[in-house]
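The values are calculated or read from the model by the stated rules, or taken from the named source; none is laboratory data. From a predicted model like this one, the values you see are computed outputs, not experimental measurements. Glycine gets a Cβ as well: all are built from the backbone with ideal geometry, and neighbour counts include every protein chain shown.
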Amino acid sequence: MNPRTKNLLVRTLAGAVYIALMITAVFVFPMMPVLLCLVACIGIFELSKLTSGPTDHVSRIVLSAATIAQFALILQYGVQKSTFFYNAPTITLTGFLFSIPIILICIGLLTTISELFRQRPLPVEHIGTALFGYFWIILPLGFVAVMTRICPQVVFAFFLLLWAYDTFAYLGGSMYGRNKMCPHISPKKTWEGTITGLVLTIVMAMVLPSIPYFSHLHAPLWKWALYAIIIVVFATFGDLLESVFKRRADVKDSGHIMPGHGGILDRFDSMLLAALPALIYALFVMVLK
């Protein structure tokens, strides 16, 4: 077996395992916060290497503790059964929202104290990077876990449309790609691939309501189309954002934990930036009508 075929096989198998885990987690709620907690911890480790170097142990510990606390809270409320006096999805969302400022204050205080004693250059940049790690990695993944408890249908649709866009954009770029979108950041990303991905993802989004699993949302087609557009736009910027970090660190991949794909941030980059705007839209426009 030649190296190219072997790499394709490994990449396909790793991708299949990833997709199987994510889809299973949508239908088995306790699995989602546990899985995304692990993803977030690894993502924080990779971000730390890309921004502060491999020796920034304090920021990793602080953000890992914040990650565990965030997802433990989601899991604690989410596994409860709803009763007349206790609505588990609502309590899960409320607890998640109230935890955000508390966790942010803890991250800010602990990283600030750390920088005061360590006396490193650019302390403000290190504090900002830690807070950015919460907003870019922990917060959106936490909201995905919460939305899985509230309405797994919109989360499943989110995954399907996100993966469809990645696939369609890759195929469109491979066949028709000529004009580079941001050659100084991501040389392989083209306008043709992005537009192909956008159009076909919108088409797929408008087909989803015909599937019984999604039909109970009762959202008109234009809402599904807008859902797809939000996902595509923010997923594209999410991919470019991670490319900026990799270019700055002069590395090809954020890590090597996923054979054939690179690191966690390489696989989840588009999801991280798209999750909050897309799922907030879905919550208020498609779920809480």
Here, helices (runs of 4 or more DSSP H) confined to region 184-289 with at least 3 residues that are buried (at least 17 other Cβ atoms within 10 Å of the Cβ), hydrophobic (A, V, I, L, M, F, W, C) and in contact (Cβ under 8 Å) with a residue 60 or more places away in the chain are 221-249, 264-281
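I'd like to know if region 127-146 contains one or more residues that are assigned by TED's automatic domain parsing to the domain that holds Leu273, touching a helix residue (DSSP H, G or I) at 6+ places or on another chain (Cβ under 7 Å), part of a helix (DSSP H, G or I) and touching a residue at least 24 places away in the same chain (Cβ under 8 Å).
Of region 127-146, the ones assigned by TED's automatic domain parsing to the domain that holds Leu273 are none.
Checking region 127-146: not a single residue is assigned by TED's automatic domain parsing to the domain that holds Leu273, touching a helix residue (DSSP H, G or I) at 6+ places or on another chain (Cβ under 7 Å), part of a helix (DSSP H, G or I) and touching a residue at least 24 places away in the same chain (Cβ under 8 Å).
Just wondering, is there one or more residues in region 176-186 that are hydroxyl-bearing (Ser, Thr, Tyr), within 30 Å of Gly78 (Cα to Cα) and touching a helix residue (DSSP H, G or I) at 6+ places or on another chain (Cβ under 7 Å)?
Of all residues in region 176-186, those hydroxyl-bearing (Ser, Thr, Tyr) come to 176, 186.
If we keep only those that are within 30 Å of Gly78 (Cα to Cα) as well, we get none.
Within region 176-186, not a single residue is hydroxyl-bearing (Ser, Thr, Tyr), within 30 Å of Gly78 (Cα to Cα) and touching a helix residue (DSSP H, G or I) at 6+ places or on another chain (Cβ under 7 Å).
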For region 112-122, state whether one or more residues are assigned to a helix (DSSP H, G or I) and either of a type in the set (Val, Ile, Thr) or surrounded by 22 or more Cβ atoms within 10 Å (Cβ to Cβ) (or both).
yes
